[in-house]
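Novice: A single structure is presented below for examination.
The values are calculated or read from the model by the stated rules, or taken from the named source; none is laboratory data. Note that the coordinates shown come from a computational prediction; the quantities given were computed from them, not determined experimentally. With ideal geometry, Cβ positions are generated from the backbone for all residues, glycine too; neighbour counts draw on all protein chains shown. Heads up: the accessible areas ignore ligands, DNA and RNA and are worked out on the full protein's heavy atoms, side chains in. Shrake-Rupley method; radii C 1.70, N 1.55, O 1.52, S 1.80 Å.
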Amino acid sequence: MCGIMGYFRKRAGNDERLGATMLSMLEALGRRGPDSAGVALIGPSHRAGYIVRVQAGDQLAMNNQAIQVNQEAIKLFAEALAGASDISTSGVYVRFLLAGEADLPELIKAIEGLGEGIEVLSIGHAMEISKEVGTPHLLESQHHISAFAGTHGIGHTRLCTESIVDLSHSQPFWGRGAADVAIVHNGHITNYHQLRRRYEQRGVEFVTENDSEVLAVYLAEALNRGATLRQGLDGVLRDMDGAFCCLAVTATEMGLVKDPYAFKPLVVAETADFVAVATEEIAIRSAVPGNYKVSEAQVEEVQVWSR
Amino acid sequence: MVEIAAMAIDAATLSTREINTLIRARLKSGPAEISVENPNARHNLAVALLQPGRVRFAGSVGYYCGGLIDGAEIYVEGSAGWGLAESMNHGHVVVQGGAGNGAAAAIRGGTVVIHGDAAARLGVSMKGGLVLVGGDCGYMAGFMGQKGTLIVCGNTGHAFADSMYATTCYVGGNIGGLGTDAVVEPLSAEEAEMLDRLLAEHLPPALRAQKPPGRDFTKVVAGRKLWNFDKHNWKTWQDAL
């Protein structure tokens, strides 16, 4: 099943209630996806550096001691890294800021090489991904989503259909190697294996067995090549087969794409102030007050909102 | 003169089961006008109402509103999600906003009226009744329609009336693309009159005035090439499959 959602503030400045709004939307969608919950939030931009979020290990696969060892290793690494600051931990996560430029693939390799089970979950000038195996309530208790102020974000509640239930396989998926790109997906990419083979032949590494990941890989590659988000999403429509409603974020944009067969629901509400998108209208009504219309996205629809 | 009892329900404090139980219990004791505040786009509201009565939702409803009803009337002041009035046997469902996929799926009778736009697979496998959309409809409306009448006052998406049996469709705007075995037939004077009568009866006057006159509607039915297998039609089968 899965539930996806997105919220985008159109006016200038930060929305102090972005996190709270997104959490409400996620809670309303929790029924659709009891296995995991996650968000990709865009906050104030650290233009001169990155926000790095790392998972030290998965409690479903490793014992707490091993995770703690990893967490310490990551903290030490960050402390020794030139330009790193604001190192903090929460649950199995480590978060730090990194000033200056960085070769993201190199950085990912360096961090993930510190220990078995370590995975970099997001790197961005403004984007942070938080995800947990569990309910939106757990996500909130670990990451205090409701306190997050920012401009836009996407979220996901997962009902696992074809890969495993663990943190790594949860969404949103970061477009690894590209800063500030993430996707959430409801549906099934049926030419996943073909696409994955082609990418792997070119040296791209996949972290999970989850077909949704190929959307993140695809968009990261498109954006790294210089395509716009809209061009990337047009490409998704052209090159992906199967059922999909997909939402994507960059530092300044949110986009949606819907497959040619309307297999999965996606409703959109747009006013002069905001755009809210969700698998079910109840998610928008529960979280966003006001007298606005909600309508179903059409087949083959691509829409991008920019700030 | 039968006295119609009135009842107001605040959905905000009730579970879906409680709301539906209250509605059913009230209708059991006689016809009633029930209004539901704060439906909040909840799913499965007003399903399986088997007695006459009127339920008005002051807001949006989620999936399957009015599913499996037999004789009730339902008015939705906001929009509806997927599966509106699915498998309705008889009754009258009106939505002032738009509706999601599969509106009026598999209905056996009754009427479904959508003032706004309908999404994909409107009237899929409908087995009777009347579906009337004031706005546009999406992809593959009328898919595998068996019987009944499907009217879209605005434009359709592509694959319109794909693989139909004996449902008759009428379109006031542009057809985005005809589905497999869908053909246009000439509209008779009687049908034009019927369309004018139905639009006048079911749409608010201001909305009806924006839509074309009955005589400008396009009639679409099945070409019947898929009704029985004939090897000479194998190209049509290839397309369909």
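Novice: If I fit a long axis through the Cα atoms of helix A:18-29 and take the longest principal axis of the Cα atoms of chain A, what angle between them do I get, 0 to 90°, rounded to 10?
Specialist: The angle comes out near 70 degrees.
Novice: Build a GNM of chain B with springs between Cα atoms under 10 Å: which of B:A105, B:A11, B:A206 gets the top mean-square fluctuation?
Specialist: B:A206
Novice: Kirkwood hydrodynamic radius (Cα pairs, Å) of segment A:55-178?
Specialist: By the Kirkwood definition, the hydrodynamic radius is 15.4 Å.
Novice: If I compute solvent accessible area with a 1.4 Å probe over the protein chains, what percent of it on segment B:1-127 is carbon and sulfur?
Specialist: Carbon with sulfur: 52 percent of the solvent-accessible area.
Novice: Can you give the translational diffusion coefficient of the protein assembly as shown in µm²/s, computed by Stokes-Einstein from the Kirkwood radius over Cα pairs at 4 °C and 1.567 mPa s?
Specialist: Estimated diffusion coefficient is 52 µm²/s.
Novice: How large is ³J(HN,Hα), in whole Hz, for each residue of segment B:6-14 in order, when computed from phi with the Karplus curve 6.51 cos²θ - 1.76 cosθ + 1.60 and θ = phi - 60°, using x for Gly and Pro?
Specialist: 10, 8, 10, 10, 9, 5, 4, 9, 10
Novice: Right, something else. Rounded to a whole number, what % of the accessible area of segment B:137-241 do carbon and sulfur atoms account for, probe 1.4 Å?
Specialist: 52
Novice: Ratio of alpha-carbon Rg to the 2.2 N^0.38 Å globular estimate for segment B:1-108, to two decimals, please. Write out the running numbers ahead of the final one.
Specialist: Numbers: Rg = 12.4 Å, N = 108, 2.2 N^0.38 = 13.0 Å.
Its radius of gyration relative to the 2.2 N^0.38 Å reference: 0.95.
Novice: Counting every Cα pair in chain B, what percent are over 21 Å apart?
Specialist: Details: 15961 of 28920 pairs.
It works out to 55 percent of all Cα pairs.
Novice: Continuing with the same structure: List the pair-distance distribution P(r) of segment B:53-190, using every Cα-Cα distance, as the percent of pairs falling in each 5 Å bin from 0 up to the bin containing the longest distance, rounded to whole percents.
Specialist: 3, 12, 24, 25, 19, 10, 5, 2, 0
Novice: If one takes the accessible area of chain B alone plus chain A alone and subtracts that of the pair, with a 1.4 Å probe, what total in Å², rounded to the nearest 100, results?
Specialist: 1300
Novice: Please determine, in degrees from 0 to 90 and to the nearest 10, the orientation of helix A:229-239 with respect to the longest principal axis defined by the Cα atoms of chain A, where the helix direction is its Cα long axis.
Specialist: 80
Novice: So, one more: Within chain A, count lysine pairs with alpha carbon atoms under 24 angstrom apart where the residues are 8 or more positions apart or belong to different chains.
Specialist: So the count works out to 9.
Novice: While we're here: How far apart, in nm, are the 7 Å Cα→Cβ label points at A:E209 and B:L207?
Specialist: Each label point is offset 7 Å from its Cα along the Cβ direction, giving 5.0 nm.
Novice: Cα axis of helix A:213-224 to longest principal axis of chain A: angle in degrees, 0 to 90, nearest 10?
Specialist: So the helix axis and the longest Cα principal axis differ by about 80 degrees.
Novice: Could you identify which residue out of B:E18, B:E86, B:E33 has the top mean-square fluctuation in a GNM of chain B using Cα springs shorter than 10 Å?
Specialist: Ranking B:E18, B:E86, B:E33 by mean-square fluctuation puts B:E18 first.
Novice: Compute the FRET efficiency between B:V183 and B:E77 as 1/(1 + (r/R0)^6), taking r as their Cβ-Cβ distance and R0 = 45 Å, and round to the nearest 0.05.
Specialist: On the way: r = 38 Å, r/R0 = 0.84.
For R0 = 45 Å, the calculated efficiency reads 0.75.
Novice: Considering just Cα atoms, how many Å³ per residue does the convex hull of segment A:196-293 enclose?
Specialist: 134
Novice: Next up: Could you pull the Cα extents of segment A:106-231 along its three principal axes, largest to smallest, in whole Å?
Specialist: 41, 35, 32
Novice: Please compute the net charge surrounding A:L167, taking Lys and Arg as +1 and Asp and Glu as -1 over other residues with Cβ under 13 Å from its Cβ.
Specialist: Neighbourhood net charge equals -2.
Novice: Treating cross-link reach as a plain straight distance, find the lysines whose alpha-carbon is under 27 Å from the alpha-carbon of B:K231, omitting any fewer than eight places away in the same chain.
Specialist: Straight-line reach from B:K231, under 27 Å: B:K147.
Novice: Then there's this: Provide B:K147, B:K225 ordered by accessible surface of protein heavy atoms (probe 1.4 Å), highest first.
Specialist: B:K147, B:K225
Novice: Return an integer: the convex hull volume of the alpha-carbon atoms of chain A, in Å³ per residue.
Specialist: Hull volume normalised by residue count: 115 Å³.
Novice: What order do A:R307, A:R202 take when sorted by accessible area (1.4 Å probe), most exposed first?
Specialist: A:R202, A:R307
Novice: Okay, moving on. With every protein chain left in place, what is the accessible area per residue of segment B:5-240 in square angstrom, probe 1.4 Å?
Specialist: Per-residue accessible area for segment B:5-240 comes out at 41 Å².
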